[in-house]
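The values are calculated or read from the model by the stated rules, or taken from the named source; none is laboratory data. Quantities reported herein were computed from a predicted structural model and do not represent experimental measurements. We place every Cβ from the backbone using ideal geometry, glycine too, and count neighbours over all the protein chains shown.
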Amino acid sequence: MTKKANQLITEKSPYLLQHAYNPVDWYPWGEEAFARARQEDKPVFLSIGYSTCHWCHVMERESFEDQEVADFLNQHFISVKVDREERPDVDSIYMKVCQALTGRGGWPLTVIMTAEMEPFFAGTYFPKESRGGRPGLLDILTKVQQLWDEDREELLDTSNQINSLLAQIESQELTESIANEEVEDLLDQTYYQLKADFDQRYGGFGVAPKFPTPHKLMFLLRYQQWCGEQQALNMVEQTLEGMDRGGIYDQLGYGFSRYSTDAKWLAPHFEKMLYDNALLAIVYLEAYQLTDRQEYAEIAREIFTYILRDMTDEKGGFYSAEDADSEGVEGKFYLWTPAEVKEILGEQLGAEFCTAYDITEAGNFEGQSIPNLIKNDRSKLELDEQFAEAKKKLFEEREKRIHPHKDDKILTSWNGLMIAALAIGSKVLGEEEYLQAAQKAVDFIWKELYQDQQRLLARYREGEADYLAYVDDYAFLIWGLIELYESSFAVEYLNKALTLNQELLEYFWDQESGGLYFYGSDAEELLTRPKEIYDGAIPAGNSVAMLNFLRLARLTGDSSLEDKAEQQLRFFWQQIAKQPTAHTYFMLALLFRQARGKEVVIVGDSQQQATQQMLQLLREEFNPFTVTLFNSEEVELTELIPFLEDYQQVKGQPTAYICEDFSCQAPITDIEKFKQALS
């Protein structure tokens, strides 16, 4: 029997298209759905997820493909599907509702509300029938439908209470003044809370499920630089080693999964997200700069190999994610048995590989094995070298399997993160290929996702760009452009960063209290207009923007951007002070604010060896509180940054100007003196 398509069939989102042939009469988010709900006097059933979400697939199979559930929804509700990656604004608001009502959140997100978008019920995954203490979807829908018909006031009262709660959550009191001592105490507090939460055995923070949360590691690296606390670096190293030896890291095809279901990083939730791999690549690169350990550089290279091989569109953009499931089974693509390995590698080499990578008859995941090095004490670099040919053969054989679904939509925000990672990778590892990939991605975004060169858009897929960009899109892309400037010293990237930063302030900045709204003043008006500051799996746009403001202020001498950062600090202070480890990227901005950072201006001919030596020194060292400008005849910056008129070469030689803590040193032309001044 031919399945009938619902209204999602004309959408571009892979997640919405996955549900286009459900018997549920789904609508995409929009006025058409809410108008019908008003006309037919029905509540709205809202389901939010994303295409590589395992439990979203489970709920679809159990409920949304089920005719009984579909008939009930179609008769009594107007059903709306939302891809959280396309509409993070909608997701952000209703996730807050879920967390306020239940104390937890996640996807699939299930919300029931009025036609005026006012919610009165929220939860996450529900099975079709009640089981194991978890209410079933049919029971919930039946109860809501009865209340809607017989006691609607009860539901509307609940809705009013939720609205009041949301308003309370969004309201913030502006802190009048914050002393430096208070900021430094908060930074120390953040460190000690992370230290208390640190897993001494396996690395990482908290208990299972365990997420990488790269910005916590980025904070620790900078905290160590700020105050010399060696234990901060030790925690980072133990975590990085635990992750890259675990099953959360794809030992054959590279790249990290989203999180580990256990404490020792063995069994991942197998989906791979672009944002995790971008942020983790940055952490491994920074750890390599700080420790000179080749293993960290190698992991960064492998992440980029995976991204450029599997997750890059021919036009230059980066895809969003790969699913956990293949053939309807979680992790099937990644699992091995000893027999499979030996058939490909032969008996002896196969047995050696199985011993090294923990592939056993009993298995370590549902009777099969995830390759990992958790029990192996040998160096990962040595093992990778010893088994390089074996891993290549196993990878080539694995490529013949049915691959997990790939979400090939291109998100501006996540692309910004990968642009930043590749730019840093090109600088630290000296790889021109990474620089070119980052530049190509920027060119793609500028051509396809920058509407009339006046307004950024959020998503591209199959030739169509859509959705006005959110705060994350602007903040993350500006971050990427700053990194690309400091890697290439091409003025166009600094110019682009400043252009987008101006637009960010125009559309998102709260002129009264400070802080950036999640969606722009020209976008669809939703139930509330939140300002996000929680640094979850991805840093908050406000956190990234604050560090961007400070870096751009130092690069250009524009003190108004420092004023914006101060306003953000005063607006969010009470929130971050209550739970500092939930805002670790914001803490990066605070460390940048507090540290005795350096501004370095290099003036010289880029073709001269001495100029390149100076630039190379800046690339090699981990200098998170330093900003760098390069001015030359080929790279003229004075139109953009007029104060550079005063910086000239001394006696025709490449010259470095270093300012620190509001005072400037004498010009330096000697490479050894420059090296000493940097350290």
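Listing for the model above:
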read-out	value
Residues (of a type in the set (D, E, K, R) and either under 20 Å from R551 (Cβ atoms) or outside any helix (DSSP H, G or I) (or both)) located in segment 575-619	R593, R596, K598, E599, D605, R619
Residue count for segment 600-629, restricted to those that are modelled with pLDDT of 90 or more and within 19 Å of L484 (Cβ to Cβ)	10
Test set (1) more than 21 Å from the chain's Cα centre (by Cα); (2) crowded, with 20+ Cβ neighbours inside 10 Å; (3) of a type in the set (D, E, K, R) - D276 fails condition number	(1)
Which listed residue is closer than 30 Å to L615 by Cβ, over 16 Å from the mean Cα position of the chain (by Cα) and not assigned by TED's automatic domain parsing to the domain that holds R84, from W446, W479	W446
Considering residues of segment 25-76 that are in a loop (DSSP other than H, G, I, E, B) and small (G, A, S) only, the residue farthest from the chain's Cα centre (by Cα)	G30
Single residue of Y485, Y450 found to be in contact (Cβ under 8 Å) with a residue 12 or more places away in the chain, under 25 Å from S543 (Cβ atoms) and not charged (D, E, K, R)	Y485
Some residue of segment 53-64 being among the basic types (K, R), out of contact with any His (no Cβ under 8 Å at 6 or more places or on another chain) and surrounded by 18 or more Cβ atoms within 10 Å (Cβ to Cβ)	no
Qualifying residue in segment 565-578 (condition: surrounded by fewer than 21 Cβ atoms within 10 Å (Cβ to Cβ) and either within 30 Å of L615 (Cα to Cα) or within 20 Å of the chain's Cα centre (by Cα) (or both))	no
Matching residues, segment 75-96, being of a type in the set (A, V, I, L, M) and either free of Cβ contacts under 8 Å to residues at least 24 places away in the same chain or in contact with a Gly (Cβ under 9 Å, 6 or more places away or on another chain) (or both)	V80, V82, M95
Tabulated pairs, segment 358-381, first over 18 Å from R398 (Cα atoms), second aromatic (F, W, Y) and in a loop (DSSP other than H, G, I, E, B), C-beta under 9 angstrom, 6+ apart or interchain	L373/Y357; I374/Y202; I374/W265; N376/Y357
Subset tally (residues that are surrounded by 12 or more Cβ atoms within 10 Å (Cβ to Cβ), in a strand (DSSP E or B) and polar (S, T, N, Q)) for segment 647-679	2
All positions within segment 174-195 that are of a type in the set (A, V, I, L, M), in a helix (DSSP H, G or I) and farther than 29 Å from M95 by Cα	V183
Residue match in segment 196-219 (condition: on the phi > 0 side of the Ramachandran plot, modelled with pLDDT of 95 or more, small (G, A, S) and not in a strand (DSSP E or B))	yes
Scope segment 512-571; condition among the hydroxyl-bearing types (S, T, Y), touching a Phe, Trp or Tyr at 6+ places or on another chain (Cβ under 6 Å) and part of a helix (DSSP H, G or I); matching residues	S543
